[in-house]
Amino acid sequence: MAGNSYGTLFKLTSFGESHGDAIGGIIDGCPAGIELNMKAIKKEMQRRKPGQSSIVTQRKEEDEVQFLSGIFEGKTTGTPIGFIIANTNSKSEDYSHNKEAYRPSHADYVYDQKYGIRDYRGGGRSSARETATRVVAGAIAKQIIKEIKITAFVSSVGSIFIDKPYQTLDFSLIESNAVRCPDSTTALKMEEYIKQVRKEGDTIGGTITCVIQNVPVGLGEPVFDKLHAELGKAMLSINAVKGFEYGSGFCGAQMKGSEHNDLINADGTTQSNLSGGIQGGISNGMDIYFRVAFKPVATIMKEQQTIDINGDVVTITGKGRHDPCVVPRAVPIIEAMAALVLTDFYLIQKTNKINK
């Protein structure tokens with residue numbers, strides 16, 4: 001299986017399955033001498049871990065990270081950082097019902113067709129449990145680019161949206177509720193709706209908005225490695241993501257150039273920011289902001305038609321512990337992937353300047 005690594009200079013390679021002994025990763029290209037805040041890494045893991053509230057999966061995993069290499073006396077050594085996260089609360093018997101049947105809208109069928117074998121326990125490698133490794137790498141990446149502030153939050157659940165611009169929101173409220181929404185009134189509506197959908201045995205999708213502030217001018221490479229292209233790839237690599245838009249996004253397609261152009265001030269800032277902080281694939285110093293769309297979780301507690309490994313039409317009903325809405329737990333994953341992209345480009349930019 002290819003495609004298990006992400007990054008150019010700052011690179012993460014992840015491994016493991018949802019119900020194996022452990023998941024883990026190797027971070028290559030981390031500069032030496034970075035004094036790591038282990039509490040900050042643990043905090044990020046706590047934000048992503050299952051079982052943290054009544055509106056997420058009740059699988060109980062502490063998600064404690066064990067570092068195996070690349071760190072000495074609290075500092076990075078410049079060598080590969082190896083780590084593992086034990087799977088301590090997997091219940092593989094919950095998935096025996098789909099040992100021979102393919103779950104609708106899961107990767108079961110395509111994995112079997114591509115590889116001729118699949119790990120049916122929670123989806124194996126295709127499980128969102130793999131994203132825990134990304135949060136570890138992202139937490140380290142954040143400590144390399146400390147000046148850059150990355151903030152993600154839930155901006156919609158189903159048809160319930162925050163109807164305020166991000167500049168007017170109080171980001172300190174994001175962690176004050178289970179939905180991770182910075183608007184308390186909207187958060188309550190979202191939470192009640194998720195609970196209602198869960199009682200119905202169903203799931204619901206939503207969107208996450210990410211705002212990146214204090215970005216220096218010059219991150220990103222023209223043509224194929226544009227900053228927004230890499231952010232898009234990073235976000236679309238996350239399980240259940242169905243869409244990515246930055247800046248004005250699709251709304252920009254409805255505007256005239258005279259309405260959309262960001263006029264430039266004498267100091268290089270712009271009067272508006274419909275470009276989303278990126279020009280020609282390179283950061284321009286303004287806030288970078290984008291939105292990521294997540295589909296409803298595919299496992300629902302309702303009877304659905306599918307086929308089995310013999311090609312026969314059968315019915316299947318979801319079992320086990322699943323998120324009725326994935327977006328609250330995906331917030332730190334979005335931040336982590338953004339941190340990986342920015343750290344990679346930050347190190348590439350440093351190399352560019354050295355070469356000059």
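Just to be sure before I move on: is Gln113 part of a helix (DSSP H, G or I) and within 24 Å of the chain's Cα centre (by Cα) in the structure I sent? Taking the combined requirement at face value, the residue does not satisfy it. Of all residue pairs spaced 6 or more apart or on separate chains, those with beta-carbon atoms under 8 Å, a first member in the range 145-169 that is within 26 Å of Pro216 (Cα to Cα) and a second member that is in a loop (DSSP other than H, G, I, E, B) and polar (S, T, N, Q) are Glu147/Asn214; Ile148/Asn214; Lys149/Asn214.
Restricting the range 214-246 to residues that are surrounded by fewer than 15 Cβ atoms within 10 Å (Cβ to Cβ) and among the polar types (S, T, N, Q) leaves a set whose member that is nearest to Pro324 (Cα to Cα) is Ser237. At least 2 residues being closer than 20 Å to Arg125 by Cα and among the β-branched types (Val, Ile, Thr) is the threshold, and among the strands (runs of 3 or more DSSP E) wholly inside the range 8-82 those reaching it are 22-28.
Ile26 falls short of the stated requirement of being over 30 Å from Gly232 (Cβ atoms), surrounded by 15 or more Cβ atoms within 10 Å (Cβ to Cβ) and more than 16 Å from the chain's Cα centre (by Cα). Among the conditions (1) at pLDDT 95 or above; (2) closer than 30 Å to Thr203 by Cα, Ile282 misses just one, which is (2).
Considering the range 181-212, the residues that are surrounded by fewer than 23 Cβ atoms within 10 Å (Cβ to Cβ) and under 18 Å from the mean Cα position of the chain (by Cα) include one that is farthest from Ile150 (Cα to Cα), namely Gly205. The residue that is farthest from Ile212 (Cα to Cα), among those in the range 248-266 that are in a loop (DSSP other than H, G, I, E, B) and out of contact with any helix residue (DSSP H, G or I) (no Cβ under 8 Å at 6 or more places or on another chain), is Lys256. Every condition in (1) small (Gly, Ala, Ser); (2) at pLDDT 90 or above; (3) outside any loop (DSSP other than H, G, I, E, B) holds for Ser96 except the one numbered (2). Every residue in the range 120-145 that is surrounded by fewer than 24 Cβ atoms within 10 Å (Cβ to Cβ), outside any helix (DSSP H, G or I) and among the small types (Gly, Ala, Ser), please. Within the range 120-145, just Ser127 meets the criteria.
Does Gly51 count as surrounded by 13 or more Cβ atoms within 10 Å (Cβ to Cβ) and at pLDDT 90 or above? Please lay out each step first, then the result.
Values: surrounded by 13 or more Cβ atoms within 10 Å (Cβ to Cβ): yes; at pLDDT 90 or above: no.
Against the criterion (surrounded by 13 or more Cβ atoms within 10 Å (Cβ to Cβ) and at pLDDT 90 or above), Gly51 does not qualify.
Show the residue pairs that are 6+ apart or on different chains and have beta-carbon atoms under 6 Å apart, the first residue being within the range 203-231 and farther than 20 Å from Asp183 by Cβ, the second being outside any strand (DSSP E or B) and among the basic types (Lys, Arg). From the range 203-231, the pairs are Gly220/Lys226.
The values are calculated or read from the model by the stated rules, or taken from the named source; none is laboratory data. Remember, predicted model here, so these are calculated numbers, not experimental data. All Cβ positions, glycine included, derive from the backbone under ideal geometry; neighbour counts span all protein chains shown.
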